[in-house]
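I'd like to ask you about the structure that follows.
The values are calculated or read from the model by the stated rules, or taken from the named source; none is laboratory data. Remember, it's a predicted structure, so these values are computed and weren't measured experimentally.
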Amino acid sequence: MEHWQKVRAAAHMQGYIAAHITEPITLADLARGAGYSPWHAARIFREITGRTPFDYIRTLRLSKAVERLRDGSGRVVDVAFDFVFGSHEGFAGVHPAVWGDSPAFRVGTVAVSAVHAAQGP
């Protein structure tokens, strides 16, 4: 497989993720759209992006959720469900795993460092 084919497949998967970020996304969904088996799709995605599909989706969801909270356009529990976290506790629990700190919820604001960290590698 040529490198450009891998880049194209990873870009297609990233596009699918962005378009469906507020819905459940499976590896089978990504693989189907990219035209590869789930195993190959995951391998290609990680090779090109440096992250597993699950990690990429989780980080993007958390980043989008933090942006929405920072903008004051939702309650924590509503935003958590909008971005497919099972509960607000699940959302708050995944935050330290991704960025190493608590979400620091305040009235209408959230720790801005979280948004910048999502831009990572």
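So, of the residues in region 9-42 that are assigned to a loop (DSSP other than H, G, I, E, B) and of a type in the set (Ser, Thr, Tyr), which turns out to be nearest to Phe81 (Cα to Cα)?
Once the filter is applied, the top-ranked residue is Thr22.
Considering only region 60-99, how many residues are part of a helix (DSSP H, G or I) and at pLDDT 75 or above?
Here the count works out to 18.
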